[in-house]
Amino acid sequence: MIRAFGPAVLLRAIVVSQLASQLASSSAWAAQQGPAAPPAAAPAPAAASAPAGAPPAVPAGAPEAPKAEPPKAEAPKAEAAKPDPTSEPAHESAAAAETVSEELRVSRQGLGLNPGALQYGGLVVPPSGPVSPAVTLKPGQINFHGFLRVPVMVGFGNGAGLPAGYTGLKLHTPPYIPDSAYTEWQYTNQLGGPWTELMFSYGDARVSANVMIAAYNLSDSSWKDLSAQLGINEAWLTFNFPEFFGPKGGFIWNVGSFHGGYGSAGRYDAGEYETYLFGRTHTAGETLSVFYDLNKDFTLQVEHGFGVRLDVQEFQPNSLNLSYLPFAGPVQQLPTMLHHAHVGFTYRDKFTLAAHYLNSFTHASPGPTEPDGHITSMGVGAKLNNSRYGSAFLGYAHIDAQNSLRVGGAIEVLHSWEGWSLAQNFWGPSSPGNGKIDSLAWQYTFSLATFLQGPGQFYGQSADLLASVFGMYNVVSANDPNDLTFINGHKKLKFGGDVTYLPLYWLGLSTRLDLVQPDLDNSHKSFTVISPRVLLRTSFVSHEEIYFQYSHYFNGSQVQLAFPSTGMSAVPDKDVASIIANMYW
């Protein structure tokens, strides 16, 4: 572990010393640079000119009489500048796209989802761009971004297995289905639960303070689940110096309590399954992202971070597992730390190839009955962005875990948050969490309109046809071949596809299909779900979605219900009707 720290610490020392030098001369720098650049989302301002109605400047010695003529010539110019009333609002995005800042390039955003990235899970139409990079902050005011998902779902059961006289149609909300729990491997993200995320930022394009508030339930329309109200979930500072090395590159430094997602299959989100192949960090610490243009085509990116869990929950032996209290796990977790490092290359801001390493570990064992543990994730991922041929992700990850029950939730990986969650998902509910997981994940999204018009020309102003394919394959093994607690499947596979047709600016038609096989050696645990949907929006470029969805399940005889229905003897629902509202801003 010391060797892994060495190069990164040296790089950090160089950057910090250079940063101190720059900060020492910040006044002179500000005087030379002038006011901060405007947000990239706004057209670049025109050159400075005289106020409207004022006579234009003329060369010295010019005759006075013609001075009255130039103001008359200004009227046609103003008329020409008027927007076309028949144009779509999306044309504003087209104009902005031509003035995209250097700081919004893919190679300037780090090798994972940045801490301000919202969890868009559940959107039928993927987001068109990052919501809150540092360069878009409006100085001198609070910047507000967020995402909400509110599902209304009703499951239709038949009452099979109930006493005589109690069978027949049963209505369940939430529905009795196997794929609704975010922290379980069977999760498909077709029928995710409520999620609200609010982000507030104050600062400028150089330095900003950020606070994120979140909740995964709604108190007014549900029971008062206090653990679901995450409150002030994250708070951190962002230092953005994109020209630290001159026109060649710079760095972004985040310090505080924040997340960072690595191995996300989506372009700007965690992908169709809303999970992370290498890991999503949940610590207080710092992460430094450095980028440097090697030439006009290739950019080198290096990222390093260290963080800790501020505390771990106290374990009370023989205590009741009450649903309204956070679950502490089956044993006492130990103080947990995280070290992670990443290196990659980006080609023309379209293709990125990167290697990732994350090690969550404890080093506080009080004795042989409470051994230290670790969860180490490493792998390689490739991502294609901003291409007329679509967006794609392909990645391979290897996870090595030892006594993962003792490891706190410093990383969230493969639908598992906390070490005990990883053990339950991949080895078994009684496993100590000793083993290895090899995973392959993929996703490809194709837009017909982008292919025909080009990525720089299509911005939602016409009809479109979207198609996606995605999947994940896991091979699981135990460190001890005779481990009797390893009762889950040795091989897991889930894959699916989604087709969306947007014929009108306010209407979309979509269908998604998922096949989920928790154990390839036991088909009775598998299920398939197909969901046709009708999507409503107010315009092509709006960020809200309201869709009406019907889902039908083909369940195997041994399919297990997801939380909060885990352990119930009820038969899973075969049909679910839902209305789901999503919006990001």
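The values are calculated or read from the model by the stated rules, or taken from the named source; none is laboratory data. Predicted model only: the values in this text are computed from it and were never measured. Here the Cβ is made from the backbone with ideal geometry for all residues, glycine too, and neighbour counts use every protein chain on show.
Output the residues belonging to the range 160-182 that are assigned to a loop (DSSP other than H, G, I, E, B) and buried (at least 17 other Cβ atoms within 10 Å of the Cβ).
Within the range 160-182, 174, 175, 176, 177, 178, 179, 180, 181, 182 meet the criteria.
Listed by position, the strands (runs of 3 or more DSSP E) inside the range 459-572 whose residues that are hydrophobic (A, V, I, L, M, F, W, C) and more than 23 Å from residue 194 (Cα to Cα) number at least 2 are 464-478, 491-504, 507-517. Test each condition in (1) over 30 Å from residue 578 (Cα atoms); (2) part of a strand (DSSP E or B); (3) not hydroxyl-bearing (Ser, Thr, Tyr) for residue 198 and report the one that comes out false. Unmet condition: (1). Of everything listed in (1) in contact with a helix residue (DSSP H, G or I) (Cβ under 9 Å, 6 or more places away or on another chain); (2) free of Cβ contacts under 8 Å to residues at least 40 places away in the same chain; (3) within 22 Å of residue 382 (Cα to Cα), the single unmet condition for residue 399 is (2).
Picking from residues in the range 410-421 that are buried (at least 24 other Cβ atoms within 10 Å of the Cβ) and part of a loop (DSSP other than H, G, I, E, B), the one that is farthest from the chain's Cα centre (by Cα) is 418.
Which residue is surrounded by the fewest Cβ atoms within 10 Å (Cβ to Cβ), if the candidates are limited to the range 422-454 and must be aliphatic (A, V, I, L, M) and closer than 30 Å to residue 403 by Cβ? Top of the filtered list is 440. Would you confirm, using the coordinates I've provided, whether residue 361 is assigned to a strand (DSSP E or B) and within 16 Å of residue 434 (Cα to Cα)? Yes: the conditions hold for residue 361.
Taking the criterion of being part of a loop (DSSP other than H, G, I, E, B) and either free of Cβ contacts under 8 Å to residues at least 24 places away in the same chain or over 30 Å from residue 456 (Cβ atoms) (or both), the residues of the range 329-358 that qualify are 329, 330, 331, 332, 333, 335.
When residues in the range 468-488 are screened for being surrounded by fewer than 18 Cβ atoms within 10 Å (Cβ to Cβ) and either touching a Pro at 6+ places or on another chain (Cβ under 6 Å) or closer than 29 Å to residue 384 by Cβ (or both), 3 of them pass. Please indicate, with yes or no, whether at least one residue in the range 342-355 is buried (at least 17 other Cβ atoms within 10 Å of the Cβ) and closer than 17 Å to residue 408 by Cα. Checking the range 342-355: not a single residue is buried (at least 17 other Cβ atoms within 10 Å of the Cβ) and closer than 17 Å to residue 408 by Cα. Being of a type in the set (Ser, Thr, Tyr), closer than 20 Å to residue 259 by Cα and either assigned to a loop (DSSP other than H, G, I, E, B) or within 17 Å of the chain's Cα centre (by Cα) (or both) is the filter here, so list the residues in the range 376-409 that pass it. Within the range 376-409, no residue meets the criteria. Looking across the range 455-467, not a single residue is crowded, with 22+ Cβ neighbours inside 10 Å and either among the polar types (S, T, N, Q) or touching a Leu at 6+ places or on another chain (Cβ under 6 Å) (or both). Cβ separations smaller than 6 Å between residues 6+ apart or across chains give no pair from the range 110-124 residues that are free of Cβ contacts under 8 Å to residues at least 12 places away in the same chain and assigned to a loop (DSSP other than H, G, I, E, B) to residues that are crowded, with 24+ Cβ neighbours inside 10 Å and not charged (D, E, K, R).
So which residues in the range 256-281 are part of a strand (DSSP E or B) and within 29 Å of residue 496 (Cα to Cα), if there are any at all? Within the range 256-281, 259, 260, 261, 262, 263, 264, 276, 277, 278, 279, 280, 281 qualify. Among the residues of the range 360-390, the one identified as under 14 Å from residue 335 (Cα atoms), surrounded by fewer than 21 Cβ atoms within 10 Å (Cβ to Cβ) and among the polar types (S, T, N, Q) is 365. Pairing each residue of the range 461-474 that is farther than 24 Å from residue 438 by Cβ with any residue that is basic (Lys, Arg) and modelled with pLDDT of 95 or more, provided the two are 6+ apart or on different chains, yields C-beta distances under 9 Å for 468/512.
Summed over the range 556-570, residues that are modelled with pLDDT of 90 or more and closer than 18 Å to residue 154 by Cα total 1. Checking 557, 565 one by one, the residue that is surrounded by 16 or more Cβ atoms within 10 Å (Cβ to Cβ) and among the hydroxyl-bearing types (Ser, Thr, Tyr) is 565 and no other. The residue pairs whose first member lies in the range 573-585 and is under 15 Å from residue 195 (Cβ atoms), whose second member is β-branched (Val, Ile, Thr) and surrounded by fewer than 18 Cβ atoms within 10 Å (Cβ to Cβ), and whose beta carbons are closer than 7 Å, counting only pairs six or more residues apart or on different chains, are 578/152; 581/150; 581/546.
Among the residues making up the range 149-159, a single one is part of a strand (DSSP E or B) and surrounded by fewer than 15 Cβ atoms within 10 Å (Cβ to Cβ): 152.
Note on the range 310-341: among residues that are surrounded by 12 or more Cβ atoms within 10 Å (Cβ to Cβ) and polar (S, T, N, Q), the one that is nearest to residue 107 (Cα to Cα) is 336.
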